[in-house]
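Since the structure comes first, as structure tokens, the remarks are kept for the end.
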Amino acid sequence: MAANPLKKEISFSGALSTVMGTVIGAGVFFKAAAVVSHTQSAGLTLFAWLFAGFLTICGGLTVAELATAIPKTGGPIRYIEVTYGKMPSFLLGWAQTIIYFPANIAALSIIFATQFIHLFQLNNQMLVPLAMITAVSVTGINLLGTKIAANVQSFTLFIKLLPILVIVVAGLIQPGQVEVGVADLSIGGNNSWASGFSAALLATLFAYDGWLNVGNIAGEMKRPENDLPKAIILGLGSVAIVYWIINFVYLKTLPAGQIAGNLNSSSEVANQLFGDIGGKIVTIGILVSVYGALNGYTMTGIRVPFALALKDEFPFSKYLKKLSHKTKIPYIAAIVQLVIACIMMTLGTFDLLTDMLIFVMWSFSMLLFAAVFILRKRAPEMPRPYKVPLYPWVPLIAMLGGGFILVMTLVTTPGLALTGIGVTVIGVPVYYYMQKKK
């Protein structure tokens, strides 16, 4: 079998929509409640969204150098392998395959089903069956071929931006109910500035999660050396602007105290702007947004075990590297991912698993940021169609942001962080077993 038998069908627009479509999901609608509850301040809330976008863009600019220098399917696991060796790359692939992608698919499917039930006033007992049907439908779309899945991603991105655009335009035109002090970075409530801002920043950074996954499809891009950096930079920059503006409209329309902890704040803002019909428009927007994000995680997630299986590095590699004859999609890997996600839906532990893996994923992100320095010194002759601008400052900013996330997670939720490490470490004996088997 060839090293990369997948079809090169993904263009710049497909990569761009994968970045934006995966990041802009439920977070744009649900994270405002968490961020405002930590800051109790409009100005500090907006600053947290902007600062998180800045850190994420620095991370994207940094990893883009690795993605174009090592444009292989599997993305980050291959960058880790080239820099640090096989076991660290296996552990990243293990964590992504067993928990990260299935947990995100489970969580997004549950959110989709919840909003669907709310919109059509269905029985809550339909929650898990509807969530499973949603995940099955997205997996089915991906099994039809990469081109179809990428087109769905582009289509849902376009549709999901419409309700956001309507809310933003109406919110900016209409006179606000609340005066927003953008320059006022003071914190409200009883939190200290450091603890409140750090908790808000962690929440916003979770809303930006997903940008790294576009590297998984580099092996299927027509021109990864040109299109991947542009997709990451333009995609994350656009997401940061969208997040800042829509949160400005939220805070301009409702008092911060009414948004804090209120998961229905998006609907209430729409009701203020458009009347009762606004709530339904936002719910439809959430459904499309979540479905697009779900498609992005599904499309990128199935490439991780496939990339490991190509080198017989994963259990049952013989089956995971099988491709459908017509569409050249790793269909066994897609089915395994779907089954794990459905199990998580029934257990109801998807939120815990997702939160647990954030610490682990950012640990690997730190390794990726450091890899740019290591490879420039170790392999200066490596072809680099794109180099991170303002080197070394941009990678250093990315590392500072990643270090902040790791330290704050250890300080605030040490049990969660250690559990995440433990689940990842389980992959060590699996790795050695596979090496012995080979």
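The values are calculated or read from the model by the stated rules, or taken from the named source; none is laboratory data. For clarity, every value in this text was computed on a predicted model and none was experimentally measured. Here the Cβ is made from the backbone with ideal geometry for all residues, glycine too, and neighbour counts use every protein chain on show. Side chains are part of the model used for accessible areas, which takes the heavy atoms of the whole protein and leaves out ligands, DNA and RNA. Shrake-Rupley method; radii C 1.70, N 1.55, O 1.52, S 1.80 Å.
S137 meets the conditions (1) surrounded by 23 or more Cβ atoms within 10 Å (Cβ to Cβ); (2) free of Cβ contacts under 8 Å to residues at least 24 places away in the same chain in every case but one. The failed one is (1). Among the residues of segment 36-91, count how many are without any contact (Cβ under 8 Å) to a residue 24 or more places away in the chain and among the charged types (D, E, K, R). Qualifying residue count for the region: 1.
Please specify each residue of segment 248-266 satisfying the condition of being at pLDDT 85 or above, assigned to a helix (DSSP H, G or I) and not aromatic (F, W, Y).
Here is the first cut: in segment 248-266, the residues at pLDDT 85 or above are 248-260.
Those left that are additionally assigned to a helix (DSSP H, G or I): 248-253, 256-259.
Within segment 248-266, V249, L251, K252, T253, A256, G257, Q258, I259 meet the criteria.
Selection of segment 424-438 for residues being of a type in the set (V, I, T) and open to solvent by 70 Å² or more (accessible area, probe 1.4 Å) yields V425, I426. Within segment 375-423, the only residue that satisfies the criterion of being without any contact (Cβ under 8 Å) to a residue 40 or more places away in the chain, open to solvent by less than 40 Å² (accessible area, probe 1.4 Å) and not in a helix (DSSP H, G or I) is A379. Candidates A256, A333: the one that is of a type in the set (G, A, S) and within 25 Å of M221 (Cβ to Cβ) is A333. Taking segment 267-326 as the region of interest, the helices (runs of 4 or more DSSP H) fully inside it that hold 3 or more residues being at pLDDT below 85 and buried (at least 24 other Cβ atoms within 10 Å of the Cβ) are 276-301, 303-310. Report whether or not L130 is out of contact with any Phe, Trp or Tyr (no Cβ under 7 Å at 6 or more places or on another chain), over 16 Å from I24 (Cα atoms) and hydrophobic (A, V, I, L, M, F, W, C). The answer is no for L130. The helices (runs of 4 or more DSSP H) found entirely in segment 20-98 that carry 2 or more residues being in contact with a Ser or Thr (Cβ under 9 Å, 6 or more places away or on another chain), open to solvent by less than 10 Å² (accessible area, probe 1.4 Å) and over 22 Å from L368 (Cβ atoms) are 27-39, 42-69. Among the residues of segment 105-120, those identified as in contact (Cβ under 8 Å) with a residue 40 or more places away in the chain and open to solvent by 10 Å² or more (accessible area, probe 1.4 Å) are A107, L108, I110, I111, F112, Q115, F116, H118, L119. Pairing residues of segment 263-278 that are under 14 Å from P163 (Cα atoms) and of a type in the set (F, W, Y) with residues that are in a helix (DSSP H, G or I) and open to solvent by 30 Å² or more (accessible area, probe 1.4 Å), at Cβ distances under 9 Å and at least 6 apart in sequence or on separate chains, gives F274/V166; F274/I281. Here K230 qualifies as in contact with a Phe, Trp or Tyr (Cβ under 9 Å, 6 or more places away or on another chain), surrounded by fewer than 23 Cβ atoms within 10 Å (Cβ to Cβ), modelled with pLDDT under 85 and assigned to a helix (DSSP H, G or I).
If you go through segment 1-15 and keep only what is aliphatic (A, V, I, L, M) and at pLDDT below 75, you end up with M1, A2, A3, L6.
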